[in-house]
1. Mind jotting down a quarter of the surface of the convex hull over the alpha carbons of segment 127-170, in square nanometres, one decimal?
2. I want to check the label-to-label distance for ASP108 and THR209. Put each point 7 Å from Cα in the C-beta direction and report it in nm to one decimal.
3. Sort the following peptides by mean Cβ neighbour count (other Cβ atoms within 10 Å, averaged over residues), highest first: 257-264, 389-396, 291-298.
4. Expected output is a single nm value to one decimal: the length gained when fully extending between ARG132 and ALA148, i.e. 0.36 nm times separation in residues minus the C-alpha distance. What is it?
5. Stick to Cα atoms and the Kirkwood definition of Rh, then tell me Rg/Rh for the chain.
6. Excluding ligands, DNA and RNA, what is the solvent-accessible area per residue of the chain at a probe of 1.4 Å, expressed in Å²?
7. Could you tell me the center-to-center distance, by alpha carbons, between segment 70-86 and segment 241-288 in angstrom?
8. Would you kindly state how much longer the chain becomes between ARG408 and ALA425 on full extension, computed as 0.36 nm times their sequence separation minus their alpha carbon distance, in nm to one decimal?
Amino acid sequence: MAAPNVAAQLTLTVLDAGPAIRSWVASRAGMLGDTLVRGTVYGVWANTASNVFAVASPGTDIGEIWRYDGTRWALARASSGVVLYDIGGSGPSDVYAVGARGTVLRFDGSAWSTITTGSTSTLRGVFVAGPRLAFAVGDSGAVFRIDATGATRLNAGTTAHFKSIWASGAANVYVGGDSSLVLRFDGTSWRRIVAPATDFFNGLWGTATGPVYAASNNPRVYQVQTGTAVAQLGTFGTGFNDIAGSAANDIYAVGFGIARFDGTTWSTVTTPYPGVLFQSVTAVGDAVFVGGTDGLVLGRNGGGTWTPTNARVSWFGAAPIGASSALLVGSFGSSCRWDGATCTAVPTGVGRVLAGAWGDGAGNAIAVGDDVILQYGAGAWRSPIRSVGTLLGVHGTSASSALAVGDRIFRLAGTSWTEMTKPTANRLNAVWSASPTHARAVGANGTLLRLEGTVWRTESLLGRTEDLLTIWGADSANVFVGARAGAIYRFDGTAWTAQATTSQCNVWTLWGASATDVYAGTSCGEVLHYDGQAWTTQTRGPAGLWAIVGLPGGGAVGAGDNFLVLRGSPTASVFTATDGGTRGIRWSPRAARSRGEASAPPSHAPRSIAQPSR
């Protein structure tokens, strides 16, 4: 019997030697939630634990209103072009927000509307004494009564700047501000209350039948004794920006930390974020909410643990600690262990920014930041080293040999950190070590330093004066420096040269698998790749990238703004030809170039968000 006619078939698989990282997958690694309240939370108010309003400003002339339903935050009103400084209400259908240029906004349960004040003064405080009865205060002696007929200015007899207000009704109104000013309005006239001459009263709160409490910047909390005198209750280690309570035995004052009054004594409250600057506080029933910098709002319900209701965490550093794992560090002293799929929180014991990290890939890591050095080993961060100033970069050659740079320079030798002489007043942004005695550091105003033994010396990088942001080297003869507006420079062992890139964004991070396989992350979320000949854009993520590091087991991790984590995969591309046709072809960078096609697949990454400058 004749053999069947079988079509000839050939399958050819070609492994492309190309870059070590072929693809990047974006994900979010945030222990604090993924909502996006932005900027400083200047005001927060709640009428229940599941109906909370906040005003926040992420930049100049931007004031947003957010609402929390007990589970997540949502934008309640986009910015209208002015910063908003406070918010308050009598119920979910009677909420007021105030801010710059005499702005007063009211929410009726369905929509926000503007109430005209006729003033250009910045309004900094609002208190709602009852349905359709609010009072607002601000700069240049501005005091407004706001009711169903509109806003009426009250003459307080001063041009001082008011910061705070509290009222139990139309005939019992207290205002506080600069120049030790505390005034009481009885519905007809104003009376000044005696106060220390050096205090600015940033917060006022009271009960209808009890005393009124005033929080000052000095830092002290006072009790206003029946409207006639001010007595000091306690002195704390920091000034206060606001004060509020749910009862006379449950009062909170906030600033660089939180203090609580139980009706008898004041005490410091422990939170997960020591050192965060809090601007606002509200309390209702057994729920308390505190607003601070970087969109952070802490909540506590029923006297339990303080937990973040949201925050926009930026990961500023990444440190490999295992074959496929890395530690991420960033805002609020946050840290987590990334295993390629999830990020598990690792407590640091600090609440301020951690700006950079380095790891040896074998379970040891170092992180630096706002006045802190942290070392990691045996699965945990050790006690922080303090009083080191602001540090932004760290790099090492082993777990016992590293350099940390910023406003100062520190060297780890063995188990001890010692300060080194820094030959410039400019802040340093990053450091790279070739060996314990040979390193380079870069910083502001074109600063380039070279370590020779134990002495740092200044160098010139082509006479550049722009800020140099990051540095990485394959060896002493192959060093790369990233700067603003997509600028990258390369040192070949003899001279520096400027390299052309496809980016106009700040280059925040550099890492490579070799001198001809280098990756750069930018403030626009781009990953740039250098193949030894030219820089090209490999991908674009949804937010700015502060760090890219390789993993000992292959692949890489990129970390950035708004919880961003990029997982870089080393998976080889494959070209398959079947039956002489084009079926089964998979995209390959090298094959694409040979066909004259684009050397990268189509990108559908979300638009990047605006990034801060380093």
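1. Approximately 2.9 nm², given one-decimal rounding.
2. 3.6
3. Numbers: 257-264: 17.0, 389-396: 22.5, 291-298: 25.0.
The packing order, highest mean first, is 291-298, 389-396, 257-264.
4. Extra length from ARG132 to ALA148 when fully extended: 5.2 nm.
5. When Rh is taken as the Kirkwood radius, the ratio is 1.07.
6. Values: 24430 Å² over 614 residues.
Computed with neighbouring chains in place, this is 40 Å² per residue.
7. Taking the Cα centre of segment 241-288 as reference, the centre of segment 70-86 is 23 Å away.
8. 5.2 nm
The values are calculated or read from the model by the stated rules, or taken from the named source; none is laboratory data. What you see is a predicted model; the values in this text were computed from it and never measured. Counting neighbours? That spans all protein chains shown, and the Cβs are built from the backbone with ideal geometry, glycine included. SASA here: full protein model, heavy atoms, side chains in, ligands and nucleic acids out. Shrake-Rupley method; radii C 1.70, N 1.55, O 1.52, S 1.80 Å.
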